[in-house]
1. Would it be correct to say that residue 359 is part of a helix (DSSP H, G or I), touching a Gly at 6+ places or on another chain (Cβ under 7 Å) and free of Cβ contacts under 8 Å to residues at least 40 places away in the same chain?
2. So which residues in region 268-290 are without any contact (Cβ under 8 Å) to a residue 60 or more places away in the chain and not hydrophobic (A, V, I, L, M, F, W, C), if there are any at all?
3. With respect to residue 371, is the statement that it is without any contact (Cβ under 8 Å) to a residue 40 or more places away in the chain, of a type in the set (A, V, I, L, M, F, W, C), within 18 Å of residue 259 (Cα to Cα) and crowded, with 21+ Cβ neighbours inside 10 Å true?
4. Quick check on region 193-200. Is at least one of its residues under 19 Å from residue 411 (Cβ atoms) and modelled with pLDDT under 80?
5. In region 192-228, how many are more than 29 Å from residue 345 (Cβ to Cβ) and not in a helix (DSSP H, G or I)?
6. Please verify whether region 314-333 includes one or more residues that are in the same structural domain as residue 213 (by TED's automatic domain parsing), in contact (Cβ under 8 Å) with a residue 60 or more places away in the chain and closer than 20 Å to residue 267 by Cα.
7. Can you give me the ranges of the strands (runs of 3 or more DSSP E) entirely in region 232-347 with at least 1 residues that are aromatic (Phe, Trp, Tyr) and under 26 Å from the mean Cα position of the chain (by Cα)?
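The values are calculated or read from the model by the stated rules, or taken from the named source; none is laboratory data. Just so it is clear, the model here is predicted, and its values are computed rather than measured. As a convention, Cβ positions derive from the backbone with ideal geometry for all residues, glycine included, and neighbour counts pool all protein chains shown.
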Amino acid sequence: MIKGQNFVLPAGEVTLSIRVAAPADLVALSVTDRGTVRGDHDLVFYNNPLGEGVRLVAGPSGAPAAVVVDPAAIPADIAEVRAVITLDDPAATFASLAPPIATVTDAAGNTLCDYRIDGLVNEAVVIALEMYRRNGVWKIRAVGQGYAGGFADLITDHGIDVEDAPAVEPPVPTVSTTRTVPDYSRTVSNPMLRYVAAENMLSIDQRRELDHRKKVVLNVLTTGGVPGARARIVLVIDKTGSMAPLYRIGAVHRVVHRMIPIAIQLDDDGRLEPYLYAKQFAALPAVTVDTAEQWCRTYLHLSGVHGGIDYAHIGGANNEIPIMREIIDTHDPTIDPTLVLFFTDGGFNQKRQITALLREASALPIFWQFIGLGAANYGLLRELDTMDGRVVDNAGFFDVDDIDRIGDDELYQRLLGEFPDWLRVAAAAGVLR
């Protein structure tokens, strides 16, 4: 595995172990969707070797202890088990050591994957692996995120009071298959940047820009109280004739690139699910960080045949009804909520039909963020805040004269500013299940 890559785990217990060229410990933190433990018992280490579905076992001779995870025994309110390497010497760092290697094996001892954790510098603590539940399936992700503070800071940021932490009796493991809704009413202090494996294919400058944008996205989510939120990201792009100037100068191309950090931070696979729309619509192949440039060259056109799609069938005048209907009808309520990023340069004149669709969709785990490109007639979109008859307020809107002139801080704040509130309200109303 490489940093950011994930792997679907087979059924049954798995063992997480490490090889480190210095005395070290492997500990496990069981955290909720908020990124925090429920209590001290969710920290499994040498003084508390048994947790709910997680236990510490002796490693090979001379090697640190290993962590065994039984997914069937993990409580429903635990979303992730994080495996953390800590060096025994508080003055030591990974800078002078060979990269540690994390290994995942199945119950029979077969190696499922290895992860060489490169790039560590002055850290003495690293979150090596993250085992997480996604739509009923358990996966493992290569994290490799060095932690700037020491071990005490790490567990404090995960919600454990180091000074007052009592000695706890190992809890009785419980088995639950109930899917719980994240508690979006609480704040969390340990936000984490997300990575996907394809980032390793970018140039240094591209990775630097991407990391900056992911940090801005994470800051918006953290400020909104939902740093651990997950969502499927649907990108809808206007392909009407009036958009020609924006296509011609590459503005739409740049919009796509700026949406990728949102997908990486929110979507499990870091993908954008794109559509072009006019009178009709076309569902296009997913956009990922490594395919974005080629994707833009292939599909961002107003006419012709591209990727086997005849753009004449999409049309040149706007009609939002078919694409909105498609998103509603194809939504899977058993997966993560959907965030729709809907870019348009105006229209939305079919007030009655669009209002009816938004009212219908308000009972679904879908949030619609509409973005107006340029000064135009946005009709109904300017009235979203006063629209009645909805289970929850499920849509936001803002417009900009020139999206290229908006910095990342402002853009991501405007794109994601209403999403955290919707998550909380939708969860309270039973829209998120």
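1. For residue 359, the condition - part of a helix (DSSP H, G or I), touching a Gly at 6+ places or on another chain (Cβ under 7 Å) and free of Cβ contacts under 8 Å to residues at least 40 places away in the same chain - is met.
2. 271, 273, 274, 275, 277, 279, 280, 285
3. Values: without any contact (Cβ under 8 Å) to a residue 40 or more places away in the chain: no; of a type in the set (A, V, I, L, M, F, W, C): yes; within 18 Å of residue 259 (Cα to Cα): yes; crowded, with 21+ Cβ neighbours inside 10 Å: yes.
Considered against the rule, which asks whether it is without any contact (Cβ under 8 Å) to a residue 40 or more places away in the chain, of a type in the set (A, V, I, L, M, F, W, C), within 18 Å of residue 259 (Cα to Cα) and crowded, with 21+ Cβ neighbours inside 10 Å, residue 371 comes out as no.
4. Yes, region 193-200 contains at least one residue that is under 19 Å from residue 411 (Cβ atoms) and modelled with pLDDT under 80.
5. The number of residues fulfilling the criteria is 11.
6. Yes.
7. Result: 272-277, 338-344.
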